[in-house]
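Visitor: Let me begin by handing over the structure; questions about it come next.
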Amino acid sequence: MATVRQFQVTFDCADPERVARFWCEVLGYEVPPPPPGFASWTEFNDSLPAESQGSAFACVDPNGVGPRLFFQRVPEGKVVKNRVHLDVRAGTGLVGDERLAALQAESDRLVALGAVQGQILYADGINESCINMQDVEGNEFCLD
């Protein structure tokens, strides 16, 4: 039997805290407590050398089920399509117009948080509808 390993999903970005807080809102994740000895993440961040301040942030599933999301600052901007993306399950168990309405309602909520709605892919007899989206820094994901 294969070993099941825990994993985290890492995002390269320009503003790790901003992107992490966006994904907290998308997924219902939380910012974990700061390291021992620090009352807040701001206090921890202020303790770092200037070049490291704001260079990373994370969020976690409060139920401990989903993977940790880690966001790291990189100097270059996003220039090509993601090779891997997240599918956010906003329409599980729904079909047809009911599914599309649920996906569009979630898209509207996320657009208000800074996401960008892309193409709506309509059900085709094999796949159900989904909506292509981009987060606050242009990383692609799908509402599925």
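Just so it is clear, none of the values below were taken in a lab; they were calculated from the coordinates. These numbers were taken from a predicted model, which means no experiment stands behind them. Heads up, the Cβs are rebuilt from the backbone with ideal geometry, glycines too, and the neighbour counts pull from every protein chain shown.
Visitor: Order 104-112, 30-38, 3-11 from most to least packed using the mean count of other Cβ atoms within 10 Å.
Guide: Going from most to least packed, we get 104-112, 30-38, 3-11.
Visitor: Per q in 0.16 Å⁻¹, report the Debye log10 I(q)/I(0) for the chain, using one uniform scatterer on each alpha carbon and no solvent.
Guide: Each listed q maps to, in turn, -0.94.
Visitor: For the chain, modelled as a Gaussian network with Cα springs under 10 Å, which listed residue fluctuates most, Gly118, Gly96, Gly66?
Guide: Between Gly118, Gly96, Gly66, it is Gly96 that shows the largest mean-square fluctuation.
Visitor: Continuing with this model, one more query. Work out the length of the dipole vector of the chain about its Cα centre, built from +1 on the beta-carbon of each Lys and Arg and -1 on the beta-carbon of each Asp and Glu, and round it to the nearest 20 debye.
Guide: It works out to roughly 320 debye.
Visitor: Express in nm, to one decimal, how much length is gained between Lys81 and Thr42 on full extension, taking 0.36 nm for each residue of separation and deducting their alpha carbon distance.
Guide: Full extension from Lys81 to Thr42 adds 10.8 nm.
Visitor: While we're here: Using a Förster radius of 30 Å, what is the FRET efficiency between Asp108 and Ala2 based on their Cβ-Cβ separation? Nearest 0.05, please.
Guide: 0.15
Visitor: Here is a follow-up. Local charge sum around Leu110 (other residues, Cβ-Cβ under 10 Å, Lys/Arg +1, Asp/Glu -1)?
Guide: Value of the local net charge: -3.
Visitor: Given the options Cys130, Val95, Asn63, identify the residue whose Cα lies farthest towards the positive end of the charge dipole of the chain (+1 on Cβ of Lys, Arg; -1 on Cβ of Asp, Glu).
Guide: Asn63
Visitor: If we count every other residue with Cβ under 15 angstrom of Ser52's Cβ, Lys/Arg +1 and Asp/Glu -1, where does the sum land?
Guide: Overall, the nearby charge balance is -4.
Visitor: Could you tell me which of rounded, prolate or oblate describes the range 5-80, using a ≥ b ≥ c as the square roots of the eigenvalues of the alpha-carbon gyration tensor, with rounded for a/c under 1.5 and, failing that, prolate when a/b is larger than b/c and oblate otherwise?
Guide: Oblate is the answer for the range 5-80, as a/c is 1.5 or above yet b/c matches or exceeds a/b.
Visitor: Tell me the net charge near Gly77. Cut-off is 11 Å between Cβ atoms, Gly77 excluded, with +1 for each Lys or Arg and -1 for each Asp or Glu.
Guide: -2
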